[in-house]
Amino acid sequence: MNIVNFQSNTSKWSLVIHRVSSTSVTLWAGTLFTNMGKPKQARLIVKQGDTVIETIEINDWTKPFKKLNQRFVYTTEVSGLNPGSEYQVYFYKRLEGPDFDGTDSWHCLKKGAFSTLPVSLPDDSTKPFTVSLSSCFYIHKDNGRAAAAFKGLYENGLQKWQPDIKFMVGDQVYLDIGLDSLSPVIKEVRERIADDYAENWRELGSMLCRGGTWMLPDDHEYWNDYPFYDSLLPTLFMLKIGKIRNAWRATAKEAVENVQQSRLVETFSIGNDISFCIANTRSSRSQSQFMSQAGLNEVIEWAKQLSTPGVLVLSQVLFAKHNNNERNLRSFKKQYGLLIKALANAAHDIVVLSGDVHFGRIAQVSLGDNGRRIIEVTSSPLSNLTGLNSVATSTADVKPKSFPPNDISKVIGIEPKPIEYKKELKVSGYGSSVLNGYLRQRTKEHFMTVGFSKENDQICMQVQAWRIRQVDSQGVPKPDFKVPFIEYLN
């Protein structure tokens with residue numbers, strides 16, 4: 001295969017490394033833009049160093065949005081890989097039309113890299129198994145900074161902080177912000193949702209193609225406070241019209257399932273050392289539940305069966321005060337209590353990774369008779385809201401003093417304990433003004449890395465936050481914590 005140095009617009013093509021296991025990877029490639037032609041011949045090549053592991057000819061493109069044309073993607077799982085190993089992926093199309101010179105010439109549209117899961121956690125804390133955590137990406141003033149900072153840490157940062165996988169835990173898009181959300185035309189609603197994904201996936205491209213990815217939706221993947229539409233926000237006015245609301249919901253759901261590849265509940269373990277549970281508490285939310293009861297039962301059973309420390313990945317924080325403006329997990333008292341009780345009764349410590357709240361924080365509490373802890377790590381935002389929308393930004397000033405809340409504690413029979421606040425992200429040094437586009441003081445844009453390694457009979461957890469708008473000459477973002485947060489899990 002002849003690879004030519006051909007200049008064309010590759011920014012409208014996407015390559016996303018989705019979930020990985022110890023022996024497999026899910027690859028997603030294609031375009032979400034309407035003006036891109038479908039290649040007659042395209043392929044994905046997985047390599048390890050100079051060795052080609054697998055070549056996949058792409059023949060069966062699919063439409064991520066059933067009622068929209070032009071946009072097309074391809075999803076495949078590659079198996080038979082080696083645990084704990086690094087691989088590279090290349091997305092090619094064969095030259096055609098005026099660019100075709102009669103030879104077997106292929107153009108590389110995108111390339112990426114990933115590591116399969118190891119069979120056990122490393123016992124060397126200088127390179128722990130590391131996950132990145134992020135949420136809330138508003139494209140307006142990002143200008144590629146978030147993806148560039150992630151790329152800089154992934155490729156040029158200290159090896160110990162290089163993410164192996166990543167959890168993107170909500171509001172990867174803000175579908176409900178903008179005057180175009182006021183369109184009364186169903187086709188325009190569908191097109192706008194798909195267009196927002198196209199632009200955001202272009203901006204986040206350097207992040208999406210590096211390391212295995214699990215994505216959770218939160219409300220803005222649908223609309224503010226989804227599935228409720230009693231908000232007085234002007235941009236959500238059209239939700240009062242049933243046909244518009246149904247088209248909006250259906251198209252957003254297709255994006256969550258076919259683009260973000262989100263599922264209701266997923267679990268995986270690293271050997272016998274640590275167990276992960278990723279729970280979608282938004283897509284099946286109803287008047288009385290933050291997720292389907294079947295989904296919650298899976299999470300409860302996961303906590304009950306833990307024989308190692310656990311990591312629960314959510315799109316909203318567990319340590320929350322009641323919110324009068326929109327619902328959080330605490331708004332659903334019955335399921336919130338059941339979840340807390342399950343975590344408190346677990347045989348091991350549980351780390352909760354979350355986002356949504358537009359601040360970054362690490363806090364913990366000891367619960368239950370066995371004294372096991374819940375340690376909550378919250379990372380938000382990747383990119384701050386701007387303009388009038390920036391009134392919704394927040395800092396970590398309002399804190400619950402104890403957990404569980406008193407009204408929940410009485411029902412589930414677990415005594416509230418003081419919450420210890422360990423770390424908080426720095427607030428932006430820029431002033432709040434109309435001129436700079438921000439109406440309120442805000443948390444610095446960031447993502448976090450959480451590393452896990454074995455030390456004797458314990459699991460060492462190391463957490464650092466990375467400032468997206470402050471990078472060195474190599475593109476590596478500046479750490480926010482002078483000293484990383486370190487805790488030992490039992």
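Here are a few things to note about the model shown:
- Residue identified as within 22 Å of R285 (Cβ to Cβ), at pLDDT 95 or above and not β-branched (V, I, T) among D195, D218, D230: D218
- Pairing each residue of region 155-176 that is more than 18 Å from C136 (Cα to Cα) with any residue that is among the basic types (K, R) and surrounded by fewer than 19 Cβ atoms within 10 Å (Cβ to Cβ), provided the two are 6+ apart or on different chains, yields C-beta distances under 6 Å for Q159/K127; K160/K127.
- Only one of V357, V311, V352 that is open to solvent by less than 40 Å² (accessible area, probe 1.4 Å), in a loop (DSSP other than H, G, I, E, B) and of a type outside the set (S, T, Y): V357
- Residue list for region 160-188, filter: polar (S, T, N, Q) and more than 22 Å from the chain's Cα centre (by Cα): S181, S183
- Restricting attention to region 225-241, the residues that are closer than 13 Å to V189 by Cβ, of a type outside the set (V, I, T) and either open to solvent by less than 50 Å² (accessible area, probe 1.4 Å) or part of a loop (DSSP other than H, G, I, E, B) (or both) total 3.
- Among the residues making up region 130-169, those that are open to solvent by 10 Å² or more (accessible area, probe 1.4 Å), touching a Leu at 6+ places or on another chain (Cβ under 9 Å) and within 26 Å of N82 (Cβ to Cβ) are W161, Q162, D164.
- Of all residues in region 369-391, those being crowded, with 17+ Cβ neighbours inside 10 Å and outside any strand (DSSP E or B) number 10.
- Filtering region 246-281 to residues that are part of a helix (DSSP H, G or I), open to solvent by less than 30 Å² (accessible area, probe 1.4 Å) and of a type outside the set (A, V, I, L, M) leaves W248, T251.
- A single entry from E57, E86 fulfils the requirement of being closer than 27 Å to E257 by Cβ and at pLDDT 95 or above: E57.
- Residue within region 284-301 that is open to solvent by less than 40 Å² (accessible area, probe 1.4 Å) and touching a residue at least 60 places away in the same chain (Cβ under 8 Å) present: no
- Of the residues I300, I362, the single one that is in a strand (DSSP E or B) and not acidic (D, E) is I362.
- For L44, the test of being of a type in the set (A, V, I, L, M, F, W, C), in a loop (DSSP other than H, G, I, E, B) and more than 23 Å from the chain's Cα centre (by Cα) is failed.
- Only residues that are of a type in the set (K, R) and in contact with a Cys (Cβ under 9 Å, 6 or more places away or on another chain) were counted across region 105-150, and they come to 2.
The values are calculated or read from the model by the stated rules, or taken from the named source; none is laboratory data. As the structure is a computational prediction, the values presented were derived from the model and not from experiment. Note that each Cβ is placed from the backbone with ideal geometry, even for glycine, and that neighbours are counted across all protein chains shown. To get the accessible areas, we keep the full protein, side chains included, count just its heavy atoms, and leave off ligands, DNA and RNA. Shrake-Rupley method; radii C 1.70, N 1.55, O 1.52, S 1.80 Å.
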